[in-house]
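Asks: There's a structure below that I have some questions on.
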Amino acid sequence: MKNLLKISTLFIVLGLLTSCKPNDAKPKNDAIDLALADARFTVFTKLLTDNGLVETLKTGETFTVFAPTNEAFSKVDLSTFTKDELLKLLRTHIAIRNRLLTNEIKSGIVQSPSGILYLSKNSTGIFINGSQKIISPDILASNGVIQVIDKVIVPPTKNLAETIRENSDFSELLSWFSASDSPLEERFSNLSVYGSTILAPNNAAFQELYKTTPKATLLADKIKVNEVLRLHTIVGAIFSTDFPNLLNQPVDTRNTPEFMISTTTVLAGSTGGGFTRGIYKGQYQVLFDLANGTKVKGIESGSANITGVNLYTKNGVIHTLDKVLIP
């Protein structure tokens, strides 16, 4: 076969530094002292103090603190959070055992005490979970670094399966999962830390499909149902802020061991293990196209507009399509 294109995987090892470089002057103040002294973070630091997290940031650990500004917090109604939910939100802004400098960060994942954060780096900046952007980088502290962000990171409360099931605009997609070999919950309730991406056609997209072939006929062909669903699912969480890095690179939508070739990446901060993706036949590949709006193209199945992006869940992300891709 001719020159199969390997995609540049999103899940590569993040460049991490756990101490200052030999020639750097070591900062004297720790991260919390710097934050307390900065008028931009009065809301954030008060929340850290009121919830007993100040001492956590004064230990011997190394941290990266993603610090939302006061303006960022003004856009979040904190009164709707329980104490436990607020504590989880605050912990989400701390990357433990990592000193992440912007010139070292690459697209990938990093651990916070409340779960995984997905980092995207493209020509316009560095983003968290496809939304929060680093707007003031690399405030060095004695125990790490502060990265100023423009939005609060709100941890999701539902997983992919729950999100699909509870969104009325995905009821037709849900019926396809119900007709497949694997129920929705079995597929998407418990995924790896790398998550998954669902390219989710909305109900209008399925209704357009039914104009040419009746729904009953389509769902009666279980093999075809499984193929369609497979084409709309990508192993690994891909956010809209990752799209620019994937232009003209086929993204695989299957993860079956017998089709894999060696493309292994490692969880950020670890020294072993990892996650393997493969290159498959064009029937199960898609391309992201940003030339005229945001589109996803099935290499052998036409294209669809991405009409909604970054519906973030506990174990991945959903993007809405206006057309069903048919292998």
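The values are calculated or read from the model by the stated rules, or taken from the named source; none is laboratory data. Source: prediction; values computed, not measured. No Cβ is skipped: glycine too gets one built from the backbone with ideal geometry, and neighbour counts run over all protein chains shown. The accessibility values were calculated without ligands, DNA or RNA, using every heavy atom of the protein model including side chains. Shrake-Rupley method; radii C 1.70, N 1.55, O 1.52, S 1.80 Å.
Asks: Return the carbon/sulfur percentage of the accessible area of the stretch 115-254, one whole number, probe 1.4 Å, all protein chains in place. Don't skip to the end; give the middle numbers.
Replies: Working: 2760 of 5330 Å².
C and S fraction of accessible area: 52 percent.
Asks: Hey, which of these cross-link pairs are over 19 Å Cα-Cα: K28/K151; K215/K323; K75/K133; K88/K151?
Replies: K28/K151
Asks: Within a Cβ distance under 10 Å of K75, other residues only, what is the Lys/Arg minus Asp/Glu net charge?
Replies: -2
Asks: R0 = 30 Å: FRET efficiency of S114 with K211, Cβ-based, nearest 0.05? Mind showing how you got there, number by number?
Replies: On the way: r = 45 Å, r/R0 = 1.51.
Using R0 = 30 Å, I get an efficiency of 0.10.
Asks: Continuing with the same structure: How large are Rg and Dmax for the stretch 152-250 when only the alpha carbon atoms are used, in Å?
Replies: When restricted to Cα atoms, the stretch 152-250 yields Rg and Dmax of 14.7, 46 Å.
Asks: Suppose we look only past 19 Å in the calculated P(r) of the stretch 54-170. What percent of the Cα-Cα pairs does that tail hold?
Replies: For the stretch 54-170, the share of Cα pairs beyond 19 Å comes to 50 percent.
Asks: Expressed in nm to one decimal, what extension gain is obtained for the pair A204 and N226 from 0.36 nm per residue of sequence separation less their Cα-Cα distance?
Replies: Full extension from A204 to N226 adds 5.9 nm.
Asks: Which chymotrypsin sites (Phe, Trp or Tyr not before Pro) from the stretch 54-119 combine a DSSP loop assignment with at most 15 other Cβ atoms within 10 Å?
Replies: Qualifying residues, ordered by number: F81.
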